[in-house]
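Trainee: Take a look at the following structure, please.
Values quoted throughout were computed directly from the atomic coordinates according to the rules given, and no laboratory measurement underlies them. Not measured: the values here are computed from a predicted model. Methodologically, a virtual Cβ is constructed for each residue, glycine included, from the backbone with ideal geometry; neighbour enumeration extends over all protein chains shown.
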Amino acid sequence: MNIKWIGQSGYILDAAGIKLVIDPYLSNSIEEIQGLKRMFPIPVAIEDLHPDYIYCTHNHLDHFDPKTILSMLKLYPKCKIIGPASVIEHAKRLKINSRNLILIQQYESLSLGELKLTATPAFHSDPFSTGLLIKDKQRTIYFSGDTEYVPELAGLIKKLLGAKLDLFFVCINGKLGNMNADDAARFSIDLNPEVVIPNHYGMFAENTADPLYFATLCDARGLNTKIMRIDTSIEL
């Protein structure tokens, strides 16, 4: 299993013959609409993606970007978009064919070959927001998505895990409905994964955080932390 970071909460996951793209933001839509400039170039060309599925955790522009999504579907018309109701309804307003849409709500699961995807609860300004739990025969990976820290969240996730958590990707930016580094460290320690990787920083100067501070908090409690660079991968 190979997981590449493409910025913010965006990842490309290759596993078991399936390519799943999570929360892709591969345009400059936010600069055009809100004036916030990228801190790094678009890391991968859509022409190089070749996705089978796109999972959008919720309906915010840096997670469900119409320019990115429509460009992907133009090149890959068989690609399916998976997401909660807010994503699916937005996709329908964009006239995306219902054959390309798969609705998944919090606590629901679906199988993609050998992969099992579960939409996890999240506490964010989009009330339909999800995280994402991915399991194969050997590993369990959890993407927090955008979420505030609430004390009960770790318990809800633990009930869904059913096994040791191998890899955890957690938001740390602390703005616009997301937990900050201190709460992300507390949440990570509660879940006790083999490795935790911070995300949702470094895309916009107006909405970022220091991953080294997060790592220091986790390291102090004996939690293994990895800080990824944009357009690099981790192999499991």
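Trainee: Dividing the convex hull volume of the Cα atoms of the range 74-152 by its residue count, what figure in Å³ per residue is obtained?
Mentor: Normalising the Cα hull of the range 74-152 by residue number yields 112 Å³.
Trainee: Also, quick follow-up: Assuming a viscosity of 1.567 mPa s and a temperature of 4 °C, what translational diffusion coefficient in µm² per second does Stokes-Einstein assign to the range 10-91, Rh being the Kirkwood radius over Cα pairs?
Mentor: 100
Trainee: A follow-up question, please. Extension gain E31-E152, at 0.36 nm per residue separation less the Cα-Cα distance, in nm?
Mentor: Stretched fully, the E31-E152 segment lengthens by 40.0 nm.
Trainee: Please tell me which of these pairs span more than 30 angstrom C-alpha to C-alpha: K95/K175; K74/K164; K37/K137; K78/K164; K19/K159; K95/K226?
Mentor: K95/K175; K74/K164; K37/K137; K78/K164; K95/K226
Trainee: Would you mind computing, in nm to one decimal, how far apart the modelled labels at L94 and S111 are, each placed 7 Å from Cα along Cα→Cβ?
Mentor: Taking the simple label geometry, L94 and S111 are separated by 3.0 nm.
Trainee: Mind checking the alpha-carbon convex hull of the range 2-235 and giving the volume per residue in Å³?
Mentor: 111
Trainee: A further question on this structure: Tell me which residues come under 5 Å, amide H to amide H, from A122 once H is placed; ignore anything under 5 positions away on its chain.
Mentor: Long-range HN contacts for A122: G131.
Trainee: Given the options I30, I12, I141, which has the most mean-square fluctuation in a GNM of the chain, springs set between C-alpha atoms less than 10 angstrom apart?
Mentor: Residue with maximal mean-square fluctuation among I30, I12, I141: I30.
Trainee: Kindly state, to the nearest 0.05, the FRET efficiency for K137 paired with K74, given R0 = 45 Å and r defined as their beta-carbon distance.
Mentor: Step by step, r from the Cβ atoms, then E = 0.85.
Trainee: Rounded to the nearest 5, what % of the DSSP beta bridges within the chain are antiparallel ones?
Mentor: For the chain, the DSSP antiparallel bridge percentage is about 60.
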